[in-house]
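The values are calculated or read from the model by the stated rules, or taken from the named source; none is laboratory data. These numbers come from a predicted model, not from an experiment. Please note: Cβ atoms are built from the backbone with ideal geometry, for glycine as well, and neighbour counts cover all protein chains shown.
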Amino acid sequence: MSNKQRWAAVAFFLLVVLVVVPAAIAASGRVDLYYTLTAVALLSIASAGVWLTFYIGRINIGQGAYALVGGYVSALLITKGDISFWWTLPLAGMFCALLSVLIGLPILRLRGVYFAMVTLVLTEVSRLTALALPFTNGAKGITSIKLPAELNIFGLTIIPDFSTLANPKLGFYWMAAIMMVLTYAVLWRIVNSRLGHLCRSLQQNEELASSIGVNIAWLRVLAYAISSFFGGIAGASFVAISQSLYPSSFQITDSVNFMLNCFLGGLGFVFGPMLGTLLLYFGWDLLFATGRFQLLIYSSLMIALMLWLPNGVLSLMDRKGARS
Amino acid sequence: MEQVVVNGLYLGAQYALIALGLTLIFSLMNVLNFAHGQMYVLGGFVTYTAVSQFGLPFIVGLLASGVALAAIGALVEKYLFRPVIRNSKREESTMLLAAGIAFFLDAIILLLFGEKQRGLPKIVDGVFNWDFIVVMPYDRILIGLLAIAMVAVFILFMQHSKTGRAMRALAQDKVAARLMGVDVDRYSMIGFALGAMLAGIVGGLLVTITGINLGMGGPTSINAFMMIMIGGAGVISGAIMGGFILGMMESVGLTLLASSGEITYLAIFASLMVFLAVRPQGLMGKPWG
């Protein structure tokens with residue numbers, strides 16, 4: 001794909017996500033789809049983080065932990081510190097990144113299922129910690145969190161106060177969509193940089209990479225921190241939308257789903273987790289009409305998809321490339 | 001104190017049996033069976049149905065659970081895991097499949113058995129009471145002993161039968177086992193069936209004590225994962241130790257911190273993370289399983 005084509009594809013994608021989809025929703029009157037798509041966008045940000053840890057050859061089932069931590073950082077700063085949501089968003093991400101460095105230094109030495117299991121346990125630890133800590137309000141959670149306030153720089157309004165918006169749902173949708181686009185732009189940039197090449201070398205053989213002078217310890221902590229940053233901002237944004245947060249907001253199921261999104265989309269493709277999230281979340285929503293057979297159909301489709309395309313949905317593109 | 005130890009042993013015996021199945025599947029195929037907890041729940045429901053709907057004796061129900069789950073395990077291996085492992089670029093893809101199977105079994109259980117908590121009446125009445133130092137209902141003792149007996153039978157089977165030897169060879173080195181004439185496909189299938197059968201039998205055993213419900217699958221899987229992590233993934237002795245250690249920790253923790261169950265689990269999970277950071281391969285495991 002030439003550079004020009006690539007920019008055209010990006011422009012087309014932006015047009016669809018930011019203009020066509022809202023217009024279509026407005027025309028069809030299905031306002032509930034705003035929430036669904038906002039959730040897809042935010043979940044795909046967290047999944048992007050998981051994908052990046054896959055990229056260094058680690059199975060990460062702990063993204064729910066960072067989403068929860070990010071959510072609590074944002075919620076506590078808003079309710080107790082009276083700080084605008086827009087400032088808590090990067091702070092939540094940074095906090096998660098720092099935390100992940102501390103946690104990652106010891107556990108990133110693990111590999112394969114061992115790493116997967118420790119991160120799974122991490123999700124449970126974060127939930128139980130949120131229950132036990134004195135300032136998180138236990139199982140009752142934090143509720144009635146303010147909507148994002150106005151963001152202005154030198155008196156210039158960049159983002160209006162969400163509570164004054166005629167349609168805050170559309171506002172959230174745009175916010176989530178723009179964040180998703182930025183996240184994937186960053187991810188794409190990382191993968192197609194020197195850092196991305198080094199990460200691939202980790203994925204293939206850490207000892208070999210290390211022997212030719214790659215600082216593997218630093219690289220995996222860096223990748224893990226970026227991944228957790230994504231988890232943190234996704235969690236924080238969810239708090240802004242639902243205006244509430246409980247220790248059960250992000251739990252093991254969510255962590256597992258983030259990982260499944262990556263598998264389903266395809267581990268070899270930057271945009272895999274985005275597609276995977278869309279398919280899994282939207283598919284689940286669409287099947288709601290089937291009532292008690294929802295789970296049966298959903299899981300059967302998942303198994304069938306796995307049998308048909310074990311390398312993810314985007315591996316269809318591989319086949320086409322091979323044939324031509 | 002004695003009570004705590006006895007409780008721990010009783011819990012540990014069940015846990016060990018669940019962990020054995022999981023670790024067997026993992027060692028043979030490098031598959032982390034996310035559906036293990038669901039297989040356990042399904043086993044419980046099969047026993048429940050056989051005993052309370054059809055009026056069969058408990059032991060027959062237990063056998064039915066074992067047979068049904070072994071059949072399911074064999075089919076799942078042959079028609080789902082084998083093709084996916086063959087076609088996928090990365091081994092971890094089986095995780096998505098395993099999770100899909102977990103959801104699928106959940107759906108089946110929901111449709112066939114509903115979401116109610118089910119239980120069977122006690123198989124033996126009475127309480128063992130040793131001067132109020134150790135108090136234990138007889139049925140728990142019986143189930144605990146049965147579980148220990150099953151573990152013993154399993155170990156004997158793995159150590160002394162031809163099938164067991166073949167499976168141990170497979171777990172050690174797949175290529176070498178194939179070169180020695182071990183039919184990898186066949187023994188993978190038998191191993192998976194055996195692992196699923198163990199899960200089903202534990203479910204059948206516990207349906208008389210704790211009862212069984214749809215929501216138990218996921219947490220059971222996670223507990224089982226922890227046990228095999230403690231002992232070392234893919235090692236039989238490790239799984240048994242992991243099961244007993246977790247059972248003991250739960251028993252001790254719940255006694256010491258009786259007021260808040262959450263703190264107990266937080267302490268268990270946190271100490272497990274620290275332990276794994278220090279000794280990644282678990283107690284008995286080989287590095288990088």
Fill in: Conditions (1) among the aliphatic types (A, V, I, L, M); (2) within 22 Å of the chain's Cα centre (by Cα); (3) farther than 16 Å from A:Phe238 by Cβ; number of the one not met by A:Leu77
(3)
Item to complete: Kindly indicate whether any position in region B:208-229 is at pLDDT 90 or above, part of a helix (DSSP H, G or I) and among the aromatic types (Phe, Trp, Tyr).
Response: no
Discussion item. Tell me yes or no: at least one residue of region B:66-73 is out of contact with any Cys (no Cβ under 9 Å at 6 or more places or on another chain), within 14 Å of another protein chain (Cβ to nearest Cβ) and either exposed (fewer than 14 other Cβ atoms within 10 Å of the Cβ) or closer than 30 Å to A:Phe258 by Cβ (or both).
Written reply: yes
Worksheet item: Can you find a residue in region B:28-44 that is touching a strand residue (DSSP E or B) at 6+ places or on another chain (Cβ under 7 Å) and either in contact (Cβ under 8 Å) with a residue 40 or more places away in the chain or of a type in the set (A, V, I, L, M, F, W, C) (or both)?
Response: yes
Worksheet, complete the sentence: The number of residues in region A:90-127 that are within 7 Å of chain B (Cβ to nearest Cβ), surrounded by fewer than 22 Cβ atoms within 10 Å (Cβ to Cβ), part of a helix (DSSP H, G or I) and without any contact (Cβ under 8 Å) to a residue 12 or more places away in the chain is 1
Discussion item. Pairs please, first residue from region B:60-81 and in a helix (DSSP H, G or I), second anywhere and surrounded by fewer than 17 Cβ atoms within 10 Å (Cβ to Cβ), Cβ atoms under 8 Å, 6+ apart in sequence or on different chains.
Written reply: B:Ala64/B:Leu56; B:Leu80/A:Leu307
Worksheet item: Which residues, counting only those in region A:242-292, are more than 14 Å from chain B (Cβ to nearest Cβ), surrounded by 21 or more Cβ atoms within 10 Å (Cβ to Cβ), more than 23 Å from A:Ala185 (Cα to Cα) and not aromatic (Phe, Trp, Tyr)?
Response: A:Leu245, A:Ser249
Practice prompt. Using the structure shown, decide if A:Ala166 is modelled with pLDDT under 80 and among the aliphatic types (A, V, I, L, M).
Written response: yes
Worksheet item: Can you name the number of the only condition in (1) modelled with pLDDT under 85; (2) in a helix (DSSP H, G or I) that A:Met1 fails?
Response: (2)
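Before we move on, is B:Leu170 farther than 26 Å from A:Ala116 by Cβ, away from chain A (no Cβ under 13 Å) and buried (at least 18 other Cβ atoms within 10 Å of the Cβ)?
Values: farther than 26 Å from A:Ala116 by Cβ: no; away from chain A (no Cβ under 13 Å): yes; buried (at least 18 other Cβ atoms within 10 Å of the Cβ): yes.
No.
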Discussion item. If the requirement is being surrounded by fewer than 22 Cβ atoms within 10 Å (Cβ to Cβ), without any contact (Cβ under 8 Å) to a residue 40 or more places away in the chain, in the same structural domain as A:Tyr184 (by TED's automatic domain parsing) and among the hydrophobic types (A, V, I, L, M, F, W, C), which of these qualifies: A:Ile25, A:Ile83?
Written reply: A:Ile83
